[in-house]
Amino acid sequence: MSSGGVLEIGQDGAADDAAESRRQDAVLLVRLRHGEPEAFEQLVRAHQDRLFDFCVRMLGDREEAHDLVQEVFVSVHQNVRRFREDSRLSTWLFRITKNHCINRLKYLKRRGRGRSEEYDETRMAWVDGPDAPPTPDAALESARERARVQWAISQLDEDARMLVALRDIEGLSYEEIVDITELPEGTVKSRLHRAREKLAHLLGRLEP
């Protein structure tokens, strides 16, 4: 019970889950540092989908995102012994992925592959993938909405795009985002607020 007399239902369970997650990370890290192939495969299976989704949001290109995730795990494999365990393992993976994304965006800009300036529903159909089966009207509208959101995200600057992806799409805590971005929490919150306002404005422009 809290000092105010209100039962803190679920808090003990959440704390236990967090402790168990840290324990599992510690065990996995030991195995990774011993070079166990099965441990690395476990790491990839556990995190590749979220890292891929983050890369897609940052780069706006599924093929680029796929290639980049492979590069991220190569980097993780090479540097896992240097991980200081100053954050959760998943946070460290996002930090590495963020750095790779920023470097890839700089490279793409040098090659003249910038952000799209116009929304094209057909071009954005990759959101559901090229092999998606025919969908009912409701599912099609959902795909269109995701395409609109992705287009709007692509119009944000890199920092804003990153914060929206980490907080509003991946659902990470502010503490995790501070660890990933190495920005003060107040800066994260203020930039995220401005990014959300710009997203709302951009999405409003797409309304029929």
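The values are calculated or read from the model by the stated rules, or taken from the named source; none is laboratory data. Note that the structure is predicted; figures quoted are calculated from it, not measured. Positions of Cβ are backbone-derived with ideal geometry, glycine not excepted, and every protein chain shown enters the neighbour counts. Surface accessibility is based on the protein's heavy atoms, side chains included, excluding ligands, DNA and RNA. Shrake-Rupley method; radii C 1.70, N 1.55, O 1.52, S 1.80 Å.
Which one of these is in contact (Cβ under 8 Å) with a residue 40 or more places away in the chain, open to solvent by 100 Å² or more (accessible area, probe 1.4 Å) and either on the phi > 0 side of the Ramachandran plot or out of contact with any strand residue (DSSP E or B) (no Cβ under 6 Å at 6 or more places or on another chain) (or both): Arg88, Arg57?
Values: Arg57 fails: open to solvent by 100 Å² or more (accessible area, probe 1.4 Å).
From the options Arg88, Arg57, the qualifying one is Arg88.
Quickly run through the range 140-178 and pick out the residues that are open to solvent by less than 40 Å² (accessible area, probe 1.4 Å) and modelled with pLDDT under 80.
Ala143
Given the residues Arg31, Arg50, Arg81, which is the only one that is assigned to a helix (DSSP H, G or I), closer than 25 Å to Arg148 by Cα and among the basic types (Lys, Arg)?
Values: Arg31 fails: closer than 25 Å to Arg148 by Cα; Arg81 fails: closer than 25 Å to Arg148 by Cα.
Step by step, each of Arg31, Arg50, Arg81 is checked, and only Arg50 is assigned to a helix (DSSP H, G or I), closer than 25 Å to Arg148 by Cα and among the basic types (Lys, Arg).
I need the full set of residues from the range 183-208 which are open to solvent by 80 Å² or more (accessible area, probe 1.4 Å) and of a type in the set (Val, Ile, Thr), in order please.
Those that are open to solvent by 80 Å² or more (accessible area, probe 1.4 Å) and of a type in the set (Val, Ile, Thr): none in the range 183-208.
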